[in-house]
1. Taking the conditions exactly as written (in contact with an Asp or Glu (Cβ under 6 Å, 6 or more places away or on another chain) and farther than 30 Å from B:Gln461 by Cα), does B:Pro102 satisfy them or not?
2. Go through the range C:113-129 residue by residue and tally those that are charged (D, E, K, R) and at the interface with chain B (Cβ under 7 Å from one of its Cβ atoms).
3. Taking the options A:Pro91, A:Pro70, name whichever one is over 26 Å from C:Thr362 (Cα atoms) and touching a Lys or Arg at 6+ places or on another chain (Cβ under 7 Å).
4. Kindly indicate whether B:Asp353 is more than 25 Å from A:Arg375 (Cβ to Cβ), touching a residue at least 40 places away in the same chain (Cβ under 8 Å) and touching a Lys or Arg at 6+ places or on another chain (Cβ under 6 Å).
5. Out of (1) under 30 Å from A:Tyr416 (Cα atoms); (2) at pLDDT 95 or above; (3) basic (Lys, Arg), the odd one out for B:Arg12 is which?
6. Only one of C:Ala196, C:Ala232 is under 23 Å from C:Thr49 (Cβ atoms) and either open to solvent by 60 Å² or more (accessible area, probe 1.4 Å) or not in a loop (DSSP other than H, G, I, E, B) (or both); which?
7. For the range C:327-340, which residues satisfy the criterion of being in contact with a Gly (Cβ under 8 Å, 6 or more places away or on another chain) and at pLDDT 90 or above?
8. Would you check which residues across the range C:370-400 are touching a residue at least 12 places away in the same chain (Cβ under 8 Å), in contact with a Pro (Cβ under 9 Å, 6 or more places away or on another chain) and at the interface with chain A (Cβ under 10 Å from one of its Cβ atoms) and list them?
Amino acid sequence: MTPSRLPAPSSRICAPDRLMPLDPTARAIARRLYDSVATLPIVSPHGHTDPRWYAENAAFPDPATLFVVPDHYVFRMLYAQGVRMEDLGVPTRDGTPVETDPRAIWRRFAAHYHLFRGTPTRLWLDHAFAALFGLDERLSAANADAVFDRIDAALKLPAYRPRALFETFGIEVIATTEGALDDLKWHASLAASGWAGRVVTTYRPDAVVDPDFEGFAGNLARLGAITGEDTATWKGYLAAHRKRRAVFKAHGATASDHGHPTATTANLSASEAEALFTKVVAGPVSASEADLFRGQMLTEMARMSLDDGLVLQIHPGSRRNHNAGIFARFGRDMGADIPGPTDYVSALKPLLDAVGNEPSLTIILFTLDETAYSRELAPLAGHYPALRLGPPWWFFDSVEGMKRFKQQAIETAGFYNTVGFNDDTRAFPSIPARHDVARRVDCAHLAELVCDGRLDEDEAQELAVDLAYRLAKAAYRL
Amino acid sequence: MTPSRLPAPSSRICAPDRLMPLDPTARAIARRLYDSVATLPIVSPHGHTDPRWYAENAAFPDPATLFVVPDHYVFRMLYAQGVRMEDLGVPTRDGTPVETDPRAIWRRFAAHYHLFRGTPTRLWLDHAFAALFGLDERLSAANADAVFDRIDAALKLPAYRPRALFETFGIEVIATTEGALDDLKWHASLAASGWAGRVVTTYRPDAVVDPDFEGFAGNLARLGAITGEDTATWKGYLAAHRKRRAVFKAHGATASDHGHPTATTANLSASEAEALFTKVVAGPVSASEADLFRGQMLTEMARMSLDDGLVLQIHPGSRRNHNAGIFARFGRDMGADIPGPTDYVSALKPLLDAVGNEPSLTIILFTLDETAYSRELAPLAGHYPALRLGPPWWFFDSVEGMKRFKQQAIETAGFYNTVGFNDDTRAFPSIPARHDVARRVDCAHLAELVCDGRLDEDEAQELAVDLAYRLAKAAYRL
Amino acid sequence: MTPSRLPAPSSRICAPDRLMPLDPTARAIARRLYDSVATLPIVSPHGHTDPRWYAENAAFPDPATLFVVPDHYVFRMLYAQGVRMEDLGVPTRDGTPVETDPRAIWRRFAAHYHLFRGTPTRLWLDHAFAALFGLDERLSAANADAVFDRIDAALKLPAYRPRALFETFGIEVIATTEGALDDLKWHASLAASGWAGRVVTTYRPDAVVDPDFEGFAGNLARLGAITGEDTATWKGYLAAHRKRRAVFKAHGATASDHGHPTATTANLSASEAEALFTKVVAGPVSASEADLFRGQMLTEMARMSLDDGLVLQIHPGSRRNHNAGIFARFGRDMGADIPGPTDYVSALKPLLDAVGNEPSLTIILFTLDETAYSRELAPLAGHYPALRLGPPWWFFDSVEGMKRFKQQAIETAGFYNTVGFNDDTRAFPSIPARHDVARRVDCAHLAELVCDGRLDEDEAQELAVDLAYRLAKAAYRL
């Protein structure tokens, strides 16, 4: 990325051979591959940036608020080493006072920058500091103030507004993620604005699908109010989903997304499903009934996808809010979501028996449990026409994690049952860095296959573009 | 492989440095190792080629029937991308009509050849096309007809008959796999034929051991009829197994093989075992009783092995026929067998307590669950005298799968508690390619150990021959 | 290690580039890193050497007694290949006679030395033979007697006494492990001796914490007798632990250690805990009650650590004494401890809810189940202030095991939530070899990060020292 309006990127960080193979033959091939994809537009089909940024196009407030306060990957690492989250400005919900001086937060962050050595967070922070702000020196306690001032000054410039960065980053399309009850007003505002940037929403109905979700009963009632359907009945509830999906589609959505604790699916008879829904509405239900209901809803969503064409994404297996004390004080998404083992083979069978052989359907599976790549996910995706394998969740920005995924999944699933890259990020300035790392790792992997005699270079060339661009567009129907 | 009767292999595919390390020092060592094993005879102690081929020695009919129709690794990849299996000529059992024109099937296959990029299937197909048929160009829609014609013409030549290929491939001995009720007529015919090729059978009694097997009751009755034993009694049932094992031994068998859903074993008292068998015969039994019975039979088989010397192979953990729709239309072995997690440590304890300390017994363990390599299988095989570790099932032809197995198993189990290579294939033309890949990967791995200072080169030399040839012969008593 | 009093190490084994990257650029960086840590003092914060050695400072008896008889990593490999443990001099508890001639044992060991090819055991044995005894030739049947004689003669020299070797090895501090009922007399004798070598104990109370431990009731009674507390009451039992911990601290302990079959923890109310203890004392309790009690005691120990500052080590997941026949004849620690899958996420939650957010507490987690590195352990350690990740248990001396740990844990946990190296050994002569291997593997890994552009070399330099020395000292408070 060498945008004319931004400073020239640091050569230390943006070295041409970053993450390339060391062997000269492999490196030359990898470089050729990378050179052909480095500047391809960014397709970001799954993520968590805030549509309000693009709609309002306001300046980002300051370096700490941009890089530290909202990013649990950043503050968890300091927290793990004894720094209080309050001292990093993370807002509390119990009224505990927190640091409000961005510079003080930034200094604490800079003083602990060594904690990120060897982590993906460090990789993209360095890249963003260098490529966006021309910073050539590694962040440290010594240069904390200077770096703060430089970034802070830049953020006030027009070139650093969200829409300008969106264009500078070369984003062709980005998907955000909104709950089923969201009014999508920022997307509506964007559509009305005349700005050319393409920002689409994604239908994420967990709050009205998961009986264990906080405020589930109220959420159901709101879903009814919004859609004019009687969401106390199974028929009305399904109709409400169909209506919301249509509204999301009208705001650009090409996919739904589902974050369940397990990969359980179900294919109950209509009367069984209705009876289960009645129990769910009456509440409370047992843990296994809640799991069954979520599983049934995945199959219902897949059936709706057969009608409306939305791609179905499944993100199972996160044990969310593991730290009770942190959850009580700070709430969700505080770096305490921990993966556990996830079964796919028996869990997905009801869904796959129902719709797995439909070539017009696309179900994208994700996992936090790497042991499932070669054992379960690649064999499933290498067989069922409806299945595709998402990139390695929670290792989206991880060099080693990407490599393990390729090494463990591709031989069985092939490249064409995968869907390219997701950045999955809330951290807007990290987007070019993440895509760049993925492209480099892919090109290095492909070059090694060429050197091994497992692939011809012209095929690797085609695959490099597929992985960086085409597969994501095709799989997500963007 | 440069057989005088076959065309000179393509240099593109059969490049001398295929799969060799990139570093010049490591590559030179690996090449020296490989040169000493490249032309060793092939020992194939476990596989699924058809003994009828060798007995009848008829020409293979055409390229599609040889390479596409019977190979679920091939057609599943097209199926996963929306190509109907009917259009690939896969026979149905429900009468659905299927494509019968081999050339039409071949064209569909060729048009989708890019789907195999990065897969082991591609690796051996390229190798077979090049080494057997002198094809220098990658298969594609453009050259589909020309390739079809060239292979089709070759298959009509005497040099491409099964026995000629067997000799060209340098096969010293190959094992096929037959069910307990098989009449072994092709093996008998082979023995009577005077042909020097060594083809042995393997005793695979799943159909008369697994209460969940289709037609189990009838199978038991047939086992009784064949052996003249009363297979409705525990004593008669065991005697019938002993008789069949003796017949299989007479047809060359040195091993039995057992493909159970789990690795459960049991060591019941004689009276408990008899009571369980009585329930099994009366049928139906619960899932856990069926599992227990299969487990008890592994221990019984091990006891018989102590008497008759057959090596006991255990292949647990496949969830077979996962796709209900495909199973209904096409039946078994359609690419829908999916692995699941497999416990070995507690599951095998009854068997190991009974016979694990017997140095005269050989039990070869396989796994589809890679997480068991370093955690369970290598520690078990590195301790129990009766245990050996089979090569990585479902990754037999996978470069990355082989590497992971070596990296995860050898440090704990050592090389000498492993058993060399299995090709495990139904695809006859793939055999030289598979053994060649295994030898190359092994030599590359050994060369890296030498470069690391973990092994002397003379030891690596000895190990290369052990892995390519000696270990399989010794472990399988061939 | 080139101690003036010992022979010059063999260049074959102690080659400067052993385990270094092959690429010249990476190798040069790795060599620079390694050169700066190669001779750092050894900090060994967890292990199983015998404090009596250092206290008595007697000569080690002979090569077989030093290297073969007590080391189950050595004799299990021969046992797995059919050599009787009796023939290797392993003492029996059922009176079965065993080989008593050290030279006969040594010859059997030497004749089977090829079995260790590719194993960590081979790596350290070669290193010890070369570095300590100047042996340049690989051990074999042919040179068995000559090697025996050379080592045997050396062991009689003052330079090979335990204290001299301790100094030669450059050990700054070593921790041994003693049970709660140990009288610590060798530690007392060491303290009184005036010798400058620092040998500290570790509090390992499994025998008085685990209701399933052999002789548990008697152990409880002895704990009462030793401490003067009424260990039949919950209050007295806890007080007894506090007293023993204080005594261990007085003998240098900075840590406790807990080897439970699972990672279960509990945080019962005081009255529930007391009621459970009462059942445990009355005995026998169910398997789940025993598991719950062990889990409760981990939380109690963590609470005591908050008071007395001992670091809490948890080593869960070993299925001990898997081989019933071997256990009956030879007892514990005979190479038949087999890992199984271990859950951490839900198992540790009660402990972490109780004390996980305490920055003054250090809990070091170990695993035998590698699948937990990236899925559970790194995310936990990368979040909870009280948690640190121990090095890869059972792969402490394993090159591939170390690499997998770094590749799977560091990106999520960071380096600074890990604790450096443990040798964890009973084999005194292996200590320098094990630390040297760890330092080499670490430097190779760091060099690759530098070449990749993921780390600056000055940071790698600092990390090399952290991993070799500082992190262990800091985490274990040594």
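1. yes
2. 1
3. A:Pro70
4. Taking the combined requirement at face value, the residue does not satisfy it.
5. It fails just one condition, (2).
6. C:Ala196
7. C:Pro339 - this is the single residue of the range C:327-340 that is in contact with a Gly (Cβ under 8 Å, 6 or more places away or on another chain) and at pLDDT 90 or above.
8. C:Glu370, C:Thr371, C:Ala372, C:Tyr373, C:Ser374, C:Glu376, C:Pro379, C:Pro385, C:Ala386
The values are calculated or read from the model by the stated rules, or taken from the named source; none is laboratory data. Just so we're clear, the structure is a prediction, and the values are computed from it rather than from any experiment. Using ideal geometry, Cβ is built from the backbone for each residue, glycine included, and neighbour counts are taken over all protein chains shown. Quick note on the areas: whole protein, heavy atoms, side chains included, nothing else; ligands and nucleic acids left out. Shrake-Rupley method; radii C 1.70, N 1.55, O 1.52, S 1.80 Å.
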